[in-house]
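The values are calculated or read from the model by the stated rules, or taken from the named source; none is laboratory data. Note that the structure is a prediction, hence the values are computed from the model and not measured. Ideal geometry is used to build each Cβ from the backbone, glycine not excepted, and the neighbour counts take in all protein chains shown.
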Amino acid sequence: MCTTAAKQINSSWTLLKTRDPVSWMRWDDEIKLYATQSDVFKKWIVQNPDPHEDGYYGGINEKGVAFVSTFVHVAENQISYIRRPYIRLILDAASASEAVAIIKSFTPRIGGNMFVADAKECYGIEGVPERYYIEKLNKPAVKTNYFLHLKNHNLGFDTDPLFENWTTDHQERAEKLIKSTHTIDDCKKLLSDRANAKTKTAICTLPSEDPCFTHSAFIFDTKNKCTYYCQGNPFTNKFKKYGFD
């Protein structure tokens, strides 16, 4: 139950994401640099620290290729992008278009709402077991936990009707804010936004608004090949910058 967005800032693409995990997922995530021989490029990846649990939540490599996504549960046989090793394989790419080709090569397909970008190009992807919907973006975009193009229904809406209000409120609020997002500080403000707090459907939900709240947030700057990562709730915690120098 996350909010993701893509926006051109200073003539290059920037990707944003909050992480609002469900109760059974580990929340004490961390950012890790992969620079081993098994990786084609160095990669910053946000991950669950428990190696026995899913998974990876987003990342950027030293070529400036970045990936963020959020899961949309539409079928029992659907494969989540967070399961290893998908994000690490996507970030073997040297460009956004190459990353899209890697995603299209996966069998079975990975599911969810995805953004993949480099400094020059950004693609929005919707994935379900039977197909991908892929569009090359030329304007800001927001994705939460339902599809804007595919007709597949999020099964989570059936078991928790409040979830549908939660994700549509996030979508509408983020679409409004992304229009006036022009700097990294603006990105941080979007990810920590507290509008709709009275209904507990703010983009940044506090721990007191359990059971689902914002545990972390991150920004991928493809031009400068760096990450701004907040471990903990972004309304009360600061972002730290990570690069490859």
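Points to keep in mind about this one:
- Residues (at pLDDT 95 or above, under 16 Å from I125 (Cα atoms) and not β-branched (V, I, T)) located in segment 70-92: L91
- Strands (runs of 3 or more DSSP E) contained entirely in segment 90-207, each with at least 1 residues that are touching a Gly at 6+ places or on another chain (Cβ under 6 Å) and in contact (Cβ under 8 Å) with a residue 40 or more places away in the chain: 110-117, 122-128, 141-143
- Note on segment 208-245: residues that are part of a loop (DSSP other than H, G, I, E, B) and either among the aliphatic types (A, V, I, L, M) or closer than 14 Å to L191 by Cα (or both) total 11.
- From A141, A119, A66, residue being over 19 Å from A217 (Cβ atoms) and of a type in the set (A, V, I, L, M, F, W, C): A119
- Count - residues of segment 72-127 that are crowded, with 23+ Cβ neighbours inside 10 Å, within 18 Å of P21 (Cβ to Cβ) and not β-branched (V, I, T): 5
- Summed over segment 200-209, the residues that are farther than 18 Å from Q231 by Cβ and either surrounded by fewer than 12 Cβ atoms within 10 Å (Cβ to Cβ) or at pLDDT 90 or above (or both) give a count of 3.
- Residues in segment 145-162 that are crowded, with 19+ Cβ neighbours inside 10 Å and within 16 Å of F213 (Cα to Cα): 1 in all.
- Residue within segment 220-242 that is small (G, A, S) and either closer than 28 Å to K120 by Cβ or touching a residue at least 24 places away in the same chain (Cβ under 8 Å) (or both) present: no
- Selection count, segment 224-238, where residues are surrounded by 18 or more Cβ atoms within 10 Å (Cβ to Cβ) and of a type in the set (D, E, K, R): 1
- Flag if V46 is modelled with pLDDT under 95, in contact with a strand residue (DSSP E or B) (Cβ under 8 Å, 6 or more places away or on another chain), surrounded by 23 or more Cβ atoms within 10 Å (Cβ to Cβ) and of a type outside the set (G, A, S): yes
- Every listed requirement among (1) more than 22 Å from Q47 (Cα to Cα); (2) of a type in the set (K, R); (3) touching a strand residue (DSSP E or B) at 6+ places or on another chain (Cβ under 8 Å) is met by K151 save one, (3).
- Test: residue in segment 15-33 that is modelled with pLDDT of 90 or more and touching a Lys or Arg at 6+ places or on another chain (Cβ under 6 Å): no
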